[in-house]
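Working notes, structure below.
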Amino acid sequence: MEKKIKGVNQKAINFIQALLEFEDIKNLELCEDQGVKVSAHTYDVLDIALEKIKSKYKTWELAKEKISFFDITIGIIIHDISKSSIRKNEEELSHSQMMRKNPEYITQQVEEVLKVIEDQTKVKLKEKNRNSIVHIVLSHHGKWGKIQPRSREAKIVYMADMESAKYHRINPVNANDILKLTVQGLSLQEIEQELDCSATVIKDRIKRSKKVLKVYTLTELLEVYKKEGSVPIGDEFFSLRAEETKKLKKLVEEEGFFNLFMKNPLMEYMIDDEIFE
């Protein structure tokens, strides 16, 4: 069902909506990275990018004269699309490895997806927009990838992706979750299954809590937990990351990835004639 917005941006709105409903984009909700759905991370990148645009240009009106809101939006939606296709196609290289070793794979996929959406919505992107979107996707890992961001749009997406990965991509499982199950008598394997996380995550969370309390054994940590009812989950920075990640996951789960993206304020300022032939 198309979102009915009359004016000069209807084609752009339809293109974005069709892309959000594309199979490999919808499947990002099935992919997780460090306990966070890729779809949640993708929305987070948009949210952070909006903050950076507003901070740099002060108003959307001023910003739209300097950067392409359409290219940024599309670039963000598809920047991690290969995480879905790599899983589906059972590729040997991971998304990060593809970005470093085989960016041609990423280029081909982005161009194929854009062509599918063009055909579906009966429009044709201008070459400058197509190239801009491809560059945004290829360069979003910055120094950790093969291609470095050159355009203003690509630099915004790269910085937003880096910030999201640093602050909001952490498995929110914490020491209290683990200790609660430990007290109930569950084994490490059972805790892994119950919390849907790896033994590595469990050991890391216990280690962080012990470090804050300056205790050395699980037995000592359990004693504090039983006495106080909870333990610190880590240092201040880790605790903030965990809390913000938890809020992000809850927001996307409650409101929905599609709905959040369709509220993107940049869409109001997109102009079809500047995007499509």
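A few points about this structure:
- Residues of segment 135-149 that are surrounded by fewer than 19 Cβ atoms within 10 Å (Cβ to Cβ) and either under 17 Å from Val45 (Cβ atoms) or outside the structural domain of Gln108 (by TED's automatic domain parsing) (or both): Gly142, Trp144.
- Of the candidates Ser82, Ser139, the single residue that is at pLDDT 90 or above and among the polar types (S, T, N, Q) is Ser139.
- Single match in Ser132, Ser164 (criterion: more than 18 Å from the chain's Cα centre (by Cα), in the same structural domain as Ile74 (by TED's automatic domain parsing) and either over 22 Å from Lys227 (Cα atoms) or assigned to a helix (DSSP H, G or I) (or both)): Ser132
- Condition check for Lys263: assigned to a helix (DSSP H, G or I), under 25 Å from Val45 (Cβ atoms) and under 18 Å from the mean Cα position of the chain (by Cα): no
- Which listed residue, of Val123, Val183, is closer than 30 Å to Lys66 by Cβ and over 27 Å from the mean Cα position of the chain (by Cα): Val123
- Just so you know, in segment 185-198 the residues that are outside any helix (DSSP H, G or I) and in contact with a helix residue (DSSP H, G or I) (Cβ under 7 Å, 6 or more places away or on another chain) include one that is surrounded by the most Cβ atoms within 10 Å (Cβ to Cβ), and it is Leu186.
- In summary, helices (runs of 4 or more DSSP H) completely within segment 28-109 and bearing 1 or more residues that are touching a residue at least 60 places away in the same chain (Cβ under 8 Å) occur at 38-57, 60-63, 69-78, 82-89.
- Glu23 meets each of the listed conditions (1) closer than 22 Å to Asn259 by Cα; (2) among the charged types (D, E, K, R); (3) surrounded by 14 or more Cβ atoms within 10 Å (Cβ to Cβ) apart from (3).
For (1) within 12 Å of the chain's Cα centre (by Cα); (2) in the same structural domain as Leu195 (by TED's automatic domain parsing); (3) closer than 28 Å to Met98 by Cβ, each residue gets a yes or a no:
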{"position": "Glu21", "(1), (2), (3)": "no, no, yes"}
{"position": "Val38", "(1), (2), (3)": "yes, no, yes"}
{"position": "Thr42", "(1), (2), (3)": "yes, no, yes"}
{"position": "Lys54", "(1), (2), (3)": "no, no, no"}
{"position": "Trp60", "(1), (2), (3)": "no, no, no"}
{"position": "Asp71", "(1), (2), (3)": "no, no, yes"}
{"position": "Ile77", "(1), (2), (3)": "yes, no, yes"}
{"position": "Asp80", "(1), (2), (3)": "yes, no, yes"}
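- Residue that is surrounded by 14 or more Cβ atoms within 10 Å (Cβ to Cβ), in contact (Cβ under 8 Å) with a residue 60 or more places away in the chain, of a type outside the set (D, E, K, R) and outside the structural domain of Lys66 (by TED's automatic domain parsing), where the choices are Val157, Val201, Val215: Val201
- Restricting segment 97-123 to residues that are over 17 Å from Phe22 (Cα atoms) and surrounded by fewer than 14 Cβ atoms within 10 Å (Cβ to Cβ), the residue that is modelled with the highest pLDDT: Glu104
The values are calculated or read from the model by the stated rules, or taken from the named source; none is laboratory data. Please read these numbers as outputs of a predicted model, since none were measured by experiment. All Cβ positions, glycine included, derive from the backbone under ideal geometry; neighbour counts span all protein chains shown.
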